[in-house]
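The block underneath contains the structure these notes are about, expressed in C-alpha cells.
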Amino acid sequence: MILIFISSVGGSSIKNATITDERDSEFVQELQSLGVNRNVALVITFLKDQNERYFKDIEIATDLKQQKVSVAMQTLRERGWLKEHDIEGNVRGRRFSIYSLRATIDEIINYYEAEKSRESVRAMESIQRLKELSST
C-alpha cells in the first residue's frame, strides 16, 4: 500500500491523496492503455489532484525510485505540463523544488486523444494503400 504524508508549503496544508484509490488505479491503467509510460501515468495521476508537492512526496506517493520519478518528470517538462519553483527550506538555507501540473487533466487527455486520432488516420491510410497495392 502506498502511503502519502501531508506536507506544509508556505504554512498551508496540502491535500492528502493516495494512488491506491480504485479510481486513481483505473486512471493509471487507462493512461497506460493509451501508451503512456507507467511511471509517467503514476506521476500524472498523483499530481492531478495536488496543488504543489515536494519531489519526495511524489516518490513516496508513486512508490517510484528517485531516478524513475526524474525521468517521468522530464517527460512532463518536455511537454510543458510541469510547473516547478524553488522555495527556501529551513535547514541551512537549502532550497527545495515544488512541483505541480501546469496543464489541466483535460488538456492532457486532449493531447492523447489527438495523438491517437493521428495514429488512427495514419493506420487507415496504410490499410488503404495496402488495398490499392494488392489489387494491381
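Every read-out reported here was derived from the displayed coordinates using simple, explicitly stated rules and does not represent laboratory data. These numbers come from a predicted model, not from an experiment. Please note: Cβ atoms are built from the backbone with ideal geometry, for glycine as well, and neighbour counts cover all protein chains shown.
What does region 46-136 give for Rg and for Dmax, in Å, if only its C-alpha atoms count?
For region 46-136, the Cα-based Rg and Dmax read 20.4, 76 Å.
Where a Cα-Cα gap under 19 Å defines reach, which lysines qualify for Lys83, not counting those fewer than 8 residues away within the same chain?
Within the straight-line cut-off, Lys83 pairs with Lys15, Lys48, Lys56, Lys68.
Please list the non-local residues whose amide H lies under 5 Å from the amide H of Trp81, H modeled 1.01 Å from N, same-chain partners needing a gap of 5 or more.
Those lying under 5 Å, H to H, from Trp81: there are none.
Tabulate in residue order the Karplus-calculated ³J(HN,Hα) for region 51-65, using 6.51 cos²θ - 1.76 cosθ + 1.60 with θ = phi - 60°, rounded to whole Hz; enter x for Gly and Pro.
Ordered by residue, 3J(HN,Hα) equals 7, 8, 9, 6, 4, 4, 4, 5, 4, 5, 5, 8, 6, 10, 6 Hz.
Within region 41-97, which trypsin sites (Lys or Arg not before Pro) sit in a loop by DSSP and count at most 15 neighbouring Cβ atoms inside 10 Å?
Answer by residue number: Lys65, Arg79, Arg92, Arg94.
Enumerate the amide H contacts of Val36 below 5 Å, restricted to partners 5 or more residues apart or on another chain; note that Pro and chain-start residues carry no placed amide H.
none
Tell me which residues come under 5 Å, amide H to amide H, from Tyr54 once H is placed; ignore anything under 5 positions away on its chain.
It is Tyr99, by chain and number.
Peptides 114-120, 104-110, 36-42: what's the order by average Cβ count within 10 Å, highest mean first?
Final packing ranking: 36-42, 104-110, 114-120.
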